[in-house]
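The values are calculated or read from the model by the stated rules, or taken from the named source; none is laboratory data. Since this is a predicted model, take the numbers as computed values, not measurements. As a convention, Cβ positions derive from the backbone with ideal geometry for all residues, glycine included, and neighbour counts pool all protein chains shown.
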Amino acid sequence: MKRIAQILRWTLLSLFVLAAGTVVVAWFIDSRQTNDELIEEFQGQRIRPTVHSYQVRGQTNSDESRTIRFIETPRPAGDSTLPVVLFVHGAPSSLSFFNEFFKDTLLLNRAQLVAVDRPGYGYSDFGRVETSIIRQAELLQPLIDRYKKAPYLMIVGSSYGGSVSARLAMNNPDQVDHVVFVSSALGPGLERTYSISYFADSPLIHWGVPPLLRLANDEKLAHRKALEAILPDWPKIRANITMLHGQRDELVYPTNVSFAQHHLVNARVKQFLLPENRHDIVFNKREYMTQIILDILNRRDVKETVRTKAMAVNKFIKKKIIL
């Protein structure tokens, strides 16, 4: 009995030390790269992204303006036919979460790539949380406006980024052509919230939590209410939808896929349920994701070619009739 008690004490002590160590380490990790680090990250590539930022005025005179940072690959001079793929990350994270996509030559040759630091993350006012999905989408709207002349706009949203991507598609049904939801939290309550999240939110603990984890936790605890706020607007989405979700995802449940299919009444939905994956698709299935994105772009090219040929034939027929 004494031996068991001793083992239990050492186990609890080890867990405490591990937890404390994790918190200490987390204070020095913010999952973001400076502008110079991003430039160095892609140094030597033929197609390299550039770093930009913009300001959004506050909603009231007393509300401070917000800074949003993003990166984009260049559009070839005179090329107005290149589609745009916008990546929106989850939590806790930053635009660097998608760095490997910006190194994929197949993807770089087929589209202009864009990735953004969501409000509060990366260098978009790091630490200044915004728990409203509606407001987050408003803060990212200038990006949609920036690419409004693009012939095709695809948004790829991962995890919480899928929630924001959905809102962007609701707000821009005539501009967003396709949304790829990756492990996305879309249905109110269809995700796991651990007990430690509520503990970390208590007044005495909250400000001792590292900023990156505090951001993610604040979003997590407000997520259900934020998703309920956009619930009536799902029928506004008219973009084509592709869903990738791990069937073993215990953080954001696979039932989010059936939720989306039920509510996307004006959109065409295609789903890919991966039997062996958890909440890790961007990390462990990046090449698979890239292939799906390329397939979407290729199908779009085929449809565009068919449409162009049909227009040419109709024009030829009309000319013959006039003659």
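Filtered by the rule that a residue be among the aromatic types (F, W, Y) and part of a helix (DSSP H, G or I), segment 229-258 gives a lone residue, W234.
For the residues Q261, Q291, the requirement of being assigned to a helix (DSSP H, G or I), within 25 Å of T81 (Cα to Cα) and of a type outside the set (V, I, T) singles out Q291. The set of residues in segment 237-273 that are among the small types (G, A, S) and either more than 19 Å from the chain's Cα centre (by Cα) or farther than 14 Å from G162 by Cβ (or both) comprises S258, A267.
Check F181, F283 and return the single one that is closer than 21 Å to Y121 by Cα, under 18 Å from the mean Cα position of the chain (by Cα) and loosely packed, with under 15 Cβ neighbours inside 10 Å. Exactly one residue qualifies, and that residue is F283. Tallying residues that are assigned to a loop (DSSP other than H, G, I, E, B) and in contact with a Phe, Trp or Tyr (Cβ under 6 Å, 6 or more places away or on another chain) within segment 35-89 yields 4.
Just to be sure before I move on: is F97 of a type outside the set (A, V, I, L, M) and part of a helix (DSSP H, G or I) in the structure I sent? Taking the combined requirement at face value, the residue satisfies it. Among residues of segment 138-154 that are assigned by TED's automatic domain parsing to the domain that holds V85 and in a helix (DSSP H, G or I), none has a beta-carbon under 6 Å from a residue that is surrounded by 18 or more Cβ atoms within 10 Å (Cβ to Cβ) and of a type in the set (S, T, Y) at least six positions away or on a different chain. Considered as a group, the residues in segment 175-228 that are in a loop (DSSP other than H, G, I, E, B), in contact (Cβ under 8 Å) with a residue 60 or more places away in the chain and among the charged types (D, E, K, R) include one that is nearest to P92 (Cα to Cα), and that residue is R192. When segment 33-61 is limited to residues that are of a type in the set (S, T, Y) and in contact (Cβ under 8 Å) with a residue 24 or more places away in the chain, the one that is farthest from K103 (Cα to Cα) turns out to be Y54. Residue count for segment 67-90 under the criterion of being among the aliphatic types (A, V, I, L, M), farther than 21 Å from I296 by Cα and crowded, with 24+ Cβ neighbours inside 10 Å: the result is 1. Among the residues of segment 212-224, is any assigned by TED's automatic domain parsing to the domain that holds A91 and either at positive phi or β-branched (V, I, T) (or both)? There is no residue in segment 212-224 that is assigned by TED's automatic domain parsing to the domain that holds A91 and either at positive phi or β-branched (V, I, T) (or both). Among residues of segment 261-275 that are in the same structural domain as A169 (by TED's automatic domain parsing), those with a beta-carbon under 9 Å from a residue that is basic (K, R) and surrounded by 14 or more Cβ atoms within 10 Å (Cβ to Cβ) at least six positions away or on a different chain give the pairs N266/K236; N266/R238; A267/R238; L274/K285.
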